[in-house]
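J.: First the structure, then my questions, so here it is.
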């Protein structure tokens, strides 16, 4: 498996490696948040496994449900100058909470908003790491 893929005039990282990098970052966020806040609960018997399942469900929902929600809420997002957008992420977190039942619970919406913001920050950091990897590869060509 190649780490870097060259297409026409563009260099990008392998999609599977990109996905793994993001999933590890998100899993770390959930383990971190669970250890510091009582209002978010992940089944502690298999913390890493449940965190990974949570991240996978969020990933699937971000690829399927989120584009529809973003499209449907464009007017309210525009009226609030983008401040409604994190509410979509909170909705997805609460949906995962509902799907996993007793294994994952978010008891406070403000904590859900905080987790959504942390996931966005983690995504930003992961994108910067991937960009630096690509820049280093470009230098050595």
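Quick note: the coordinates plus some simple rules give every number you see, no bench work behind them. These numbers come from a predicted model, not from an experiment.
J.: Per residue of the chain, what 222 nm ellipticity follows from adding -39500 (n - 2.57) for every DSSP H run with n ≥ 4, rounded to the nearest 500? Walk me through the numbers on the way to the answer.
T.: Details: 5 runs with 101 residues, N = 141.
Estimated from H runs of four or more residues: -24500 deg cm²/dmol.
J.: Moving to a separate point now. If contacts are Cα pairs under 8 angstrom and at least 6 residues apart, what is the relative contact order of the chain in percent?
T.: Working: 112 pairs, mean separation 42.7, N = 141.
Taking the mean separation of contacting Cα pairs over the length of the chain, I get 30 percent.
J.: Could you work out which residue, out of 94, 63, 107, moves most in a Gaussian network model of the chain, that is, has the largest mean-square fluctuation with Cα springs under 10 Å?
T.: Looking only at 94, 63, 107, the largest GNM fluctuation is found for 63.
J.: Suppose the Debye formula is applied to equal point scatterers at every Cα of the chain; what is log10 I(q)/I(0) at q = 0.13 Å⁻¹?
T.: The Cα Debye sum returns log10 ratios of -0.66.
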